[in-house]
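Reading through the structure tokens given below for one structure.
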Amino acid sequence: MTSWSPLLALFLVIPLVGAVLTPVVSDSSGRRSWGWAVFIMSVTSAMSVSLIVRVLEEGPFSYVIGGWVAPYGIELRFDEFSASVAIVCLLGLLAIVFSRHYAPQALTPERIPYYYTLLLLNLTGMLGFIVTGDLFNLYVFTEILSLSAYALVAISGEKTAEMAAFKYLVMGAVSSLSILFGVGLLYALTGSLNMADVTSRLAGTAHAPLVMAFAALTLGFMVKAALFPLHIWLPDAHAIAPSPVSAVLSGLVVKIGILGMLRVYQMAYGSGAIDLSGLNLTLTWLGAISIVMGAFFAVFQDDIKMMLAYSTISNIGYIVMGLGLASSYSLIGASVHVFNHALIKATLFLGAGALIHQTGQRTLTGLAGIGRSMPFTTAAISIGAISIVGIPPTAGFLCKWYIALGALEAGEPIFAVALVFGALLIFIYYIRMVNAFYFRKPQDAGAPAVHEAPLTMLVPVLILAALCLIMGILGRLPLSFIEPAVTRLLTPLGGG
Amino acid sequence: MIEALWNNLDYAASVILFCIGLYAVITRNNLIKKFMGLNIMETAVFAFIVALGVVENGDAPIMGDGASAPFINPLPQALILTGIVVAVSTTALALSLVIRIWRQCGTIEADELREAE
Amino acid sequence: MKRAFTITLLIALALVLLNVMADLPPHGSAETPPYTHVGAYYLEHGPEETGSENVVTSVILNYRGFDTTGEVTVIVTALMAVIAVLTGTRDTSQEPDTAVTQIAPSVVVRFIVRVLAPFILVFAVYVILNGHITPGGGFQGGTMLGALIIALTLVLDERRSAKLIPQRSVRVIQVIAPLMFVAIGLFGLIAWGDYLFFPRSEELRPIVEIMLVLIEIGIGVGGAVVFARIFRLMAGRP
């Protein structure tokens, strides 16, 4: 079964069909659409396991749809970076499970089936983005995931949500257009849309359009990743969206920008046709600024989700800085941080969602002392907080260590300093948070007792917190998994 | 450069159109006008991509009786068909959000909305 | 002030882009990479391999059919998004946009639309079904069909225009485009071992034609219903 090539196509088609059929199978209570969504996502996750096992055994593999030969048909390609489908499936499934009690409280009943539809479409778009080997297909899947993301931000119906969604939409649409323009330019230069084919044909093409193509692609993906100074859409959008949606947006959707950049890098380094040092320098600086600025703004937020949203900007800064340093260590650290930050941020957002759901409070002052009444949830959030600061043996430590090593390896120690400075700032605001949860007195002593969150909300949070610890203990394992892909990335075709 | 630009006049025209659209997105206050600017930008990119496929004295790529070589490249046309549908979809969602903002805030001017926030 | 700054920025951007455009392979020449590489293959082998004389259709449905599946998914996503944003609203400030019904179209408009409707319908169906022979296809015909339903919604009263989209099965019909596409793709997988595989031999040409036409119908009807539903939702009706 693992070697059956068309599995790649089915892997994308099944969540797609499941998503569009959700309103058809749903009933008036919304309960059935939840069950259907869980079922679809479980099947998809099972298929992803099979695909990842195959890439572990054989290395990268591909499948051309329709029985054609690439580049005449569309090629789906699964390499080590595509193993990130694991985190998409995992987070998607947990967010859907979490929504069982969360959605009826946050949304009107008529919207619930469409909530699950949009969530499944978002996940389908991301899965397609990760496994495609064709540039235009990449654009189409970007649009699927972006459109569903815009709608999911607005779905709660609040005034602020709709405005945040509109701002997100305009910036997202411009960035998608930039990506399309870049794809068009690459097509004009090489006559092909297949990534591997384009890589082999880029050498010797006109210089100005080549630079413009990569600039346009990078600009588009950096808006999607919310890199400074193109991050302004993120805080409102991620803070106002329903919490499971925030987990998916911060954990997965912004990483699409990073993965897009990785694919661009594969083409640029692989062809050897373009010198990316200027771009890398810019990305490294912007990443460093994002780290410090994101952490700095997070310190001053009282609303817990706003704080987490700024923290996302800061962590994206780490990853982009790792990409820009372009050394083996930093790229490995950055790639694994994509995975680890997704786990950590999802723990934090789902945990915060559980707190908000049970208490109705969103601010640190309002949530003071919650550690007593909701011990499990708060413990999970604390684990997430420790992970994101990067204290061993949690998930956040090793990747940041590798990025810092990469900075030293590339001969730019100032960026290692930025990394440590950012970590200190993060430390401050997470201490604030843990302090508020455990050591402050609750606001109204006479308020009705708050219970621990229901199981469908609690279990995903606990699973994620456990994974944060496990990923930290596993240590070098994921890093050595991604190493061949990074080595391949940095070596141009033909070894020149 | 002017010589080369004159040869690629279609591409140059799409650049001008793109900048006009971007100007509208940045400077117009009304949300719908911003979005129309985005549509102009999208049209400019589509025009650019289709123009990539044009061949001198080319015929439409429909084989059948009376068709003669050379034919125009069919691939860009397929690409922008998808692109147009994507642009329409984004516009539909944007306009729905504008409708909701209008109903809840009573205004769709960006500066008034920013003040109200 | 802001305007002057924007204009300077845009002029700079335009100059950069124009420089890029000047360096591209010359427009209209037959030596450009797009024309000599993949495009040439499609033109040369398209009709014989795919059974469709319209090479653009064979690119859309056959060679790059997965892109088109993604595209119909985008439009269905837009519909789901519009439904999620515009229906089930909580606030009481919601009144349906009665501008559509308050301004009654003139007698001339009503008459012309109602007289032309059957002809537009026939032409739309013709365009959908003949996408692989003449210019046209599912999207083109579907847009015409959708525009027809919108025009009729404007001139007919509420009771009759609501009947234009069947209410019971609308949840299935609105997603029929991706469903049909995937169904044909799975059929290719089960029958010949590859997803979205169209047999290339001469004898199986009628089957290929049926598969193509089914996809076109799915796209046409699905697209029309999506457009019509988005319009009606924006007008405040279910």
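Based on the Cβ-Cβ distance from A:Val459 to A:Ser29, what FRET efficiency comes out when R0 is 22 Å, to the nearest 0.05?
Approximately 0.50, to the nearest 0.05.
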Study note, to complete from the structure: The aspartates and glutamates whose Cα lies under 13 Å from the Cα of B:Lys34, excluding any fewer than 8 residues away in the same chain, are B:Glu42, B:Glu109, B:Asp111
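What stretch of chain C, leaving out the sites themselves, is the longest with no GluC sites (Glu not before Pro) in a DSSP loop having at most 10 other Cβ atoms within 10 Å?
Values: sites that count: C:Glu31, C:Glu202, C:Glu203.
Within chain C, the longest run free of exposed GluC sites (Glu not before Pro) spans C:32-201.
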Study note, to complete from the structure: Going from the fewest other Cβ atoms within 10 Å to the most, one would list B:Ile40, A:Ile414 as A:Ile414, B:Ile40
Practice item. Specify whether the C-alpha gyration tensor of segment A:98-195 places it in the rounded, prolate or oblate class, a ≥ b ≥ c being the square roots of the eigenvalues: rounded for a/c under 1.5, otherwise prolate if a/b is larger than b/c and oblate if not. Key: oblate
Check your understanding: Expressed as a fraction of 2.2 N^0.38 Å, the rule-of-thumb size for a compact globular protein of N residues, what is the C-alpha radius of gyration of segment A:159-313?
Key -> 1.15
Check your understanding: Which shape class, rounded, prolate or oblate, goes with chain B when its Cα gyration tensor gives a ≥ b ≥ c as root eigenvalues, a/c under 1.5 marks rounded, and past that a/b bigger than b/c marks prolate?
Key -> oblate
Check your understanding: Give or take rounding to whole Å, what are the principal axis extents of the alpha carbon atoms in segment A:7-489, in descending order?
Key -> 75, 55, 43
Check your understanding: What's the longest bit of chain A with no exposed GluC sites (Glu not before Pro), using DSSP loop states and at most 16 other Cβ atoms within 10 Å as the test?
Key -> A:159-451
Check your understanding: What helices does chain C hold that run 27 Å or longer along their axis, going by alpha-carbon atoms, with a Kyte-Doolittle average of -1.0 or more, using DSSP H for the helix calls?
Key -> C:2-22, C:65-86, C:107-129, C:205-234
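Loop-only check: which chymotrypsin sites (Phe, Trp or Tyr not before Pro) in segment A:264-310 are DSSP coil with at most 13 other Cβ within 10 angstrom?
Here the sparse-neighbourhood loop sites are A:Phe300.
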Exercise for review: May I ask for the angle, rounded to the nearest 10°, between helix A:413-439 and the longest principal axis of chain A, with both axes built from Cα atoms and the value confined to 0 to 90°?
Suggested key: 20 degrees
Review point. Between A:Ser50 and B:Ile2, what is the FRET efficiency for a Förster distance of 56 Å, r being their Cβ-Cβ separation, to the nearest 0.05?
Key: 0.45
Study note, to complete from the structure: So for R0 = 25 Å, FRET eff. of A:Ser480-A:Phe376 from the Cβ-Cβ r, to 0.05, ends up at 0.15
Review point. How high is the relative contact order of segment A:1-120, in percent, counting Cα pairs under 8 Å that sit 6 or more residues apart?
Key: 38 percent
Exercise for review: Could you line up A:Met306, A:Met163 from fewest to most neighbouring Cβ atoms inside 10 Å?
Suggested key: A:Met306, A:Met163
Study note, to complete from the structure: Asserting the computed 222 nm helical MRE of the protein assembly as shown (DSSP H runs at least 4 long, -39500 (n - 2.57) per run, divided by residue count, to nearest 500) equals -24500 deg cm²/dmol
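Which chymotrypsin sites (Phe, Trp or Tyr not before Pro) does segment A:5-108 hold that lie in a coil by DSSP with at most 13 other beta carbons within 10 Å?
none
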Review point. Got a sec? Which residues in segment A:317-358 would a label at A:Ile414 touch, if it sits 7 Å along Cα→Cβ and we count backbone N under 15 Å?
Key: A:325
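Full extension from A:Leu469 to A:Leu281: what is 0.36 nm times the residue separation minus their Cα-Cα distance, to one decimal in nm?
On the way: separation 188, 0.36 × 188 = 67.68 nm, distance 3.35 nm.
Extra length available between A:Leu469 and A:Leu281 comes to 64.3 nm.
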**Study point:** Spacing of the two label points (7 Å from each Cα toward its C-beta) at C:Leu13 and A:Phe439, in nm
**Key:** 5.0 nm
Practice item. Please give every one of the aspartates and glutamates within straight-line cross-link reach of A:Lys305, meaning a C-alpha to C-alpha distance under 20 Å, and leave out same-chain neighbours fewer than 8 residues apart. Key: A:Glu158, A:Glu162, A:Asp236, A:Glu452, B:Glu117
Practice item. For A:Ala206 and A:Val43, calculate 0.36 nm times their separation in residues minus their Cα-Cα distance, and state this gained length in nm to one decimal. Key: 54.0 nm
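Read the figures in this text as sums done on the coordinates, not as results from a lab. Predicted model only: the values in this text are computed from it and were never measured. Cβ atoms come from the backbone with ideal geometry, glycine included; neighbour counts cover every protein chain shown.
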